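Input: a single structure, listed below in structure tokens.
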Amino acid sequence: AKENGRNGYFFYHIDMQQQVNERVQIEHALRTGLDNNEFYMVYQPQVNDLNQTIGFEALLRWDSHELGLVSPDRFIPITEETGLIEPLGLWVMKESFAQLKVWQDMGIPSYFQGVAINISPYQFAKEGFVQQVLEAVESIGVDPHLIDLEITEGMLVKNIPLVTSKMQALIDIGIRFSIDDFGTAYSSLRYLQYFPLDQLKIDQSFIRDLTDDPASQVIVNTILSMAGHMQLSVLAEGVETDREKNILQTLGCKRFQGYYFARPLDKDMATRFLFENTSL
Ligand code: C2E
Ligand code: CA
Ligand code: CA
Ligand code: CA
């Protein structure tokens, strides 16, 4: 008998199986990765309208002995489901603080505002999170005013009093908060006013469409004017071309990050980028 869409089902099935296998492989490799020193951080420059390096976003890299380089988009969700994000997130924080301390001791330029670290919602939700940050800041001796924690909109809708009190405890020592991937979860836009935020990072999907989609220009424009009223800074992510940068600048955006300025750099290249202000 002739089966309807037999190939479709067959390939779908194989695909599912492959995905499951890959997941199991990644999960297995992750469990030994931290002990084996398979992780390292890279730092992507954030620049202002004067082309000064005002910060770096710390991004995690995993060069697995078993699997080779695996993208964070593939392994972070697995660390979140398995709880491995806890030790890994703590490692990311300490590693980034230690690097920041190196830069701090070298005498950073006055316009440099520090390092942004991605915080997983699972990590933030943990009871000991605030204490972990405070302890790491203390033991590493890093200036908390140079720390920017990137959180996502989704995190804000859960338990407003608890989330704000955790944020406030860190803001009290000078740490700043940015909303990452802003604009991808419209539902929580109205919650923004309740939180002590410093910056919105416009998601790269809007930047990507900027040059040929008038709707994206309207959205970016709206974000910029809303943020202006709320005294929030705005950083555009994923800027890849001169045209994108120019449109953003015309719309009043003053902070940028993306391949047009620099790729994520290893710590030595980032150091040179910061202190020699060279374009690599
Ligand atoms: P994200 O926080 O939105 O990070 C920005 C991503 O966009 C990075 O990918 C960066 O390399 C990439 N990117 C930067 N500029 C451009 C550009 O001009 N064009 C394009 N196409 N891409 C650009 P990456 O490093 O692969 O990270 C992917 C995601 O993984 C991050 O998205 C973040 O959600 C997560 N992630 C990375 N490192 C960490 C970490 O240390 N902790 C946690 N919890 N999540 C992390
Ligand atoms: Ca981020
Ligand atoms: Ca982002
Ligand atoms: Ca992202």
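Have a look at Gly107, Gly141 and point out the one that is surrounded by fewer than 20 Cβ atoms within 10 Å (Cβ to Cβ), touching a residue at least 12 places away in the same chain (Cβ under 8 Å), away from ligand 1 (no atom under 14 Å from the Cβ) and at positive phi.
Step by step, each of Gly107, Gly141 is checked, and only Gly141 is surrounded by fewer than 20 Cβ atoms within 10 Å (Cβ to Cβ), touching a residue at least 12 places away in the same chain (Cβ under 8 Å), away from ligand 1 (no atom under 14 Å from the Cβ) and at positive phi.
Does Glu276 meet the test of being touching a Phe, Trp or Tyr at 6+ places or on another chain (Cβ under 9 Å), of a type outside the set (Gly, Ala, Ser) and surrounded by fewer than 19 Cβ atoms within 10 Å (Cβ to Cβ)?
no
Being in a helix (DSSP H, G or I) and away from ligand 1 (no atom under 12 Å from the Cβ) is the filter here; which residues of the stretch 79-104 pass it?
Glu81, Thr82, Pro87, Phe97, Ala98, Gln99, Leu100, Lys101, Val102, Trp103, Gln104
Just to be sure before I move on: is Gly89 buried (at least 20 other Cβ atoms within 10 Å of the Cβ) and either at negative phi or at pLDDT 95 or above (or both) in the structure I sent?
Against the criterion (buried (at least 20 other Cβ atoms within 10 Å of the Cβ) and either at negative phi or at pLDDT 95 or above (or both)), Gly89 qualifies.
Can Ile202 be described as surrounded by fewer than 20 Cβ atoms within 10 Å (Cβ to Cβ), in contact (Cβ under 8 Å) with a residue 24 or more places away in the chain and either within 16 Å of ligand 3 (Cβ to nearest atom) or not hydroxyl-bearing (Ser, Thr, Tyr) (or both)?
no
Counting only residues that are touching a Lys or Arg at 6+ places or on another chain (Cβ under 9 Å) and either closer than 26 Å to Gln257 by Cβ or within 16 Å of ligand 3 (Cβ to nearest atom) (or both), how many does the stretch 113-131 have?
Total satisfying the criteria: 6.
Of the residues that sit in the stretch 234-246 and are more than 16 Å from ligand 4 (Cβ to nearest atom) and buried (at least 19 other Cβ atoms within 10 Å of the Cβ), which one is nearest to Ala116 (Cα to Cα)?
Val234
Out of the stretch 194-215, which residues are under 24 Å from Leu156 (Cα atoms) and more than 16 Å from ligand 4 (Cβ to nearest atom)?
Tyr194, Phe195, Pro196, Leu197, Asp198
Being more than 30 Å from Pro161 (Cβ to Cβ), within 16 Å of ligand 1 (Cβ to nearest atom), in contact with a helix residue (DSSP H, G or I) (Cβ under 9 Å, 6 or more places away or on another chain) and modelled with pLDDT of 90 or more is the filter here, so list the residues in the stretch 211-248 that pass it.
Hits for the stretch 211-248 are Val220, Ala236, Gly238, Val239, Glu240, Glu244, Ile247, Leu248.
The values are calculated or read from the model by the stated rules, or taken from the named source; none is laboratory data. What you see is a predicted model, and the numbers here were worked out from it, not measured in a lab. Neighbour counts run over all protein chains shown; Cβ positions are idealised from the backbone, glycine included.
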